[in-house]
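Worksheet for the structure shown next.
The values are calculated or read from the model by the stated rules, or taken from the named source; none is laboratory data. On a predicted model such as this, the values are computed, not experimentally measured, just so you know. Note that each Cβ is placed from the backbone with ideal geometry, even for glycine, and that neighbours are counted across all protein chains shown. When the accessible area is computed, the model is the full protein with side chains, heavy atoms only, and any ligands, DNA or RNA have been set aside. Shrake-Rupley method; radii C 1.70, N 1.55, O 1.52, S 1.80 Å.
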Amino acid sequence: MRILVCVKQVPSTNEVRLDPVTRTILRDGRQSVLNPFDIYAIEAAVRLKEQLGGRVCALSMGIPATERLLRDAMARGVDEAMLLTDRAFAGADTLATSYALRLGVEKLGAYDLILCGKMAVDGDTAQIGPELSAQLGIPCVTDVCEILSAGEGCVQVKKVTDSGFCELEVQLPALLTVTKDAAQ
């Protein structure tokens, strides 16, 4: 199984500084960490790789310093990583980010499953996963708290809902956004 995990660099503190002209977050890479929800996605992907075989690739869009965080992802069991970086990405909104990630996914080639954290802690929009799946034309399940099984062309998941939980079976390729519990 080939699994792609989208990861993002986020500030390591709650003290986020904004550029006074562009009103975008200043990202110098010195005090950045992997988005915590993306770490859960990495852990879930590595667990699936151990169960089913295959490879895990991390994909990120960010400044060159993001390479350090991709190395961290590889230390956690990711097999390869791709960084999309360009000054033109500065201040990108979620649609521009998901478009760039789509191009990265297409460059990487065939995949079975894409995992994303349920949201980034610096923006809290939870839009990248669903936007990326829409651009790729694949099914998306958000707020996955457990991957029950995967293989043979489908994945079965447990999803958090407003009234509790539900179990779904989704055809592959698919994109899942995961919660903390998916990594346990």
Picking from Ala182, Ala126, Ala134, the residue that is of a type outside the set (Val, Ile, Thr) and in contact with a Phe, Trp or Tyr (Cβ under 8 Å, 6 or more places away or on another chain) would be Ala182
Taking the residues in the stretch 171-184 that are among the hydrophobic types (A, V, I, L, M, F, W, C) and over 16 Å from Ile42 (Cβ atoms) as candidates, determine which candidate is surrounded by the most Cβ atoms within 10 Å (Cβ to Cβ). Ala174
Scanning the stretch 120-170 for residues that are of a type in the set (Ser, Thr, Tyr) and in contact with a helix residue (DSSP H, G or I) (Cβ under 8 Å, 6 or more places away or on another chain), the one least open to solvent (accessible area, probe 1.4 Å) turns out to be Thr142
Look through Val10, Val33 and report the one residue that is closer than 22 Å to Glu67 by Cβ, open to solvent by less than 50 Å² (accessible area, probe 1.4 Å) and at pLDDT 70 or above. Val10
Being modelled with pLDDT under 90 and open to solvent by less than 50 Å² (accessible area, probe 1.4 Å) is the filter here; which residues of the stretch 66-93 pass it? Ala92
Looking at (1) within 18 Å of Leu59 (Cβ to Cβ); (2) in contact with a Ser or Thr (Cβ under 8 Å, 6 or more places away or on another chain), can you tell me which one Val155 breaks? (1)
